[in-house]
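Take a look at the structure below.
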Amino acid sequence: MDDKVGDSTVGDGGYDIIGDVHGQAGMLQRLLADLGYEESGGTWVHRSRHVVFVGDLIDGGPEQIKTVDIARRMVEAGSALIVAGNHEFNCVAFATPDPEKPGEYLRAHSVP
């Protein structure tokens, strides 16, 4: 039996829950391979399972853009879903101007 979730069809194979990747694209690729996912058509797919990324794809590792690209391509292919984490929320707030405080952002720009 297949159930419809968003724009992807999810079969009986179940889900692999992945969180706290923090920009470690190489480690993510090794994990996907270990879980039985294969690269096909520019993305990672499994014949019966789907990934649910549960946040914190970014902030910390050397390959943040590549990590997001892997997850984005999987979502677009219907083999993954993403739930944003606090690091994604902070990134969006860092880049969003504060409508009540001209010249400032929703997340302060500070240098440690």
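Here are a few things to note about the model shown:
- Residues of segment 57-86 that are surrounded by fewer than 18 Cβ atoms within 10 Å (Cβ to Cβ) and modelled with pLDDT under 95: Asp59, Gly60, Gly61, Pro62, Ala84, Asn86.
- Cβ separations smaller than 6 Å between residues 6+ apart or across chains give the following pairs from segment 37-65 residues that are closer than 17 Å to Val21 by Cβ to residues that are assigned to a loop (DSSP other than H, G, I, E, B) and acidic (Asp, Glu): Asp56/Asp20.
- Some residue of segment 4-13 being at pLDDT 95 or above and of a type in the set (D, E, K, R): no
The values are calculated or read from the model by the stated rules, or taken from the named source; none is laboratory data. Worth saying up front: this structure is predicted, and the values here are computed from it rather than measured. Neighbour counts run over all protein chains shown; Cβ positions are idealised from the backbone, glycine included.
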